[in-house]
Amino acid sequence: MSQTMRIGLLSISDRAADGTYEDQGIPALRDWLGRALRSPWQAVCRLIPDERALIERTLIELADVEGCHLILTTGGTGPSPRDVTPEATLAVADKEMPGFGEEMRRISLNFVPTAILSRQVAVIRGQTLIINLPGQPKSIRETLEGVRAADGSVSHVGIFAAVPYCVDLIGGPYMETDESVVRAFRPKSAIRPRP
C-alpha cells in the first residue's frame, strides 16, 4: 500500500497573514495538487508573515516535526526589502537544488519579462524537498505544470515533472501523477508497475 505523501503548503505574506486580504496561495496549491496527484497525500498548511526567523522556524517544523516529504512555499521571492523567503529557505538547507529556480524563471519568462526579478530557490533538508513558488495562482500553475500550446499539448515541461523522482531519491514515498495535468519523469529503472 502506498505511503501517504505529506506536503507542507506554506503561504508567506504580510497582508494575507494580518487579514488585509484572503490568501490565494494555499487554495491554489491544494487545487492543483488535487488535480495532479493520483497517490494519497495530506496537506499541512501554514500562513505566516514575511519574517525571516519565522519562515525558518516554520520550514524546520514542517520538515522535522510534521514529517513533510515536500514543502511548497508561495510568496516572498521578489526583490523588495520584505521578500526574504529564499534567504530563509537557504538557511535551513542541507543541499541547494538550483535547477528548480532556474527552470521556474525560464518558464515564467514565456509570460512576463519581470519573471527575471523572481528569486525562487529549492533545497533539500534531510528527507524533505522544499521549493519556493511564485505568489500568484496563475504563475504557480504555470511553473508546476508547464507551458501549453494552443492545442493543449505541453510545449515547455513544468518543474513538477522532476519532483516525484527527486522525492524518491531522498527517501520519500513513491508519487504518481495524472498525466493529463503533469507527467512525472523517472528513468525506466525507477518506474514501479501499477498494481
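A few notes on this one:
- Looking across the range 122-138, the residues that are within 16 Å of the chain's Cα centre (by Cα), more than 16 Å from ARG30 (Cβ to Cβ) and surrounded by fewer than 22 Cβ atoms within 10 Å (Cβ to Cβ) come down to ILE124, ARG125, GLN127.
- Scanning the range 152-161 for residues that are in a helix (DSSP H, G or I) and touching a residue at least 40 places away in the same chain (Cβ under 8 Å) yields ILE159, PHE160.
- Residue identified as closer than 17 Å to LEU144 by Cα and more than 14 Å from the chain's Cα centre (by Cα) among PHE111, PHE100: PHE111
- Selection status of THR58, without any contact (Cβ under 8 Å) to a residue 60 or more places away in the chain, buried (at least 24 other Cβ atoms within 10 Å of the Cβ), in a helix (DSSP H, G or I) and of a type outside the set (Lys, Arg): no
- Of all the numbered requirements in (1) modelled with pLDDT under 95; (2) out of contact with any helix residue (DSSP H, G or I) (no Cβ under 7 Å at 6 or more places or on another chain); (3) not charged (D, E, K, R), GLY99 misses one, and that requirement is (1).
- Filter result (part of a loop (DSSP other than H, G, I, E, B) and in contact (Cβ under 8 Å) with a residue 60 or more places away in the chain) within the range 20-31: GLN24
- Scanning the range 32-52 for residues that are in contact (Cβ under 8 Å) with a residue 24 or more places away in the chain, in a helix (DSSP H, G or I) and open to solvent by 30 Å² or more (accessible area, probe 1.4 Å) yields ARG35, ARG52.
- Of the residues in the range 3-19, at least one is in contact with a His (Cβ under 6 Å, 6 or more places away or on another chain) and either under 17 Å from PHE160 (Cβ atoms) or not in a loop (DSSP other than H, G, I, E, B) (or both).
- Of all residues in the range 15-31, those satisfying the criterion of being open to solvent by less than 50 Å² (accessible area, probe 1.4 Å) and not hydrophobic (A, V, I, L, M, F, W, C) are ASP23, GLY25.
- Scope the range 149-195; condition more than 22 Å from GLY101 (Cβ to Cβ) and either among the polar types (S, T, N, Q) or open to solvent by 70 Å² or more (accessible area, probe 1.4 Å) (or both); matching residues: ALA150, ASP151, SER153, GLU179, SER180, LYS188, SER189, ILE191, ARG192, PRO193, ARG194, PRO195
The values are calculated or read from the model by the stated rules, or taken from the named source; none is laboratory data. Fair warning: this is a prediction, and the values are worked out from it, not measured in the lab. Heads up, the Cβs are rebuilt from the backbone with ideal geometry, glycines too, and the neighbour counts pull from every protein chain shown. Ligands, DNA and RNA are stripped out before the accessible areas are found, and what is left, the full protein with its side chains, is counted by its heavy atoms. Shrake-Rupley method; radii C 1.70, N 1.55, O 1.52, S 1.80 Å.
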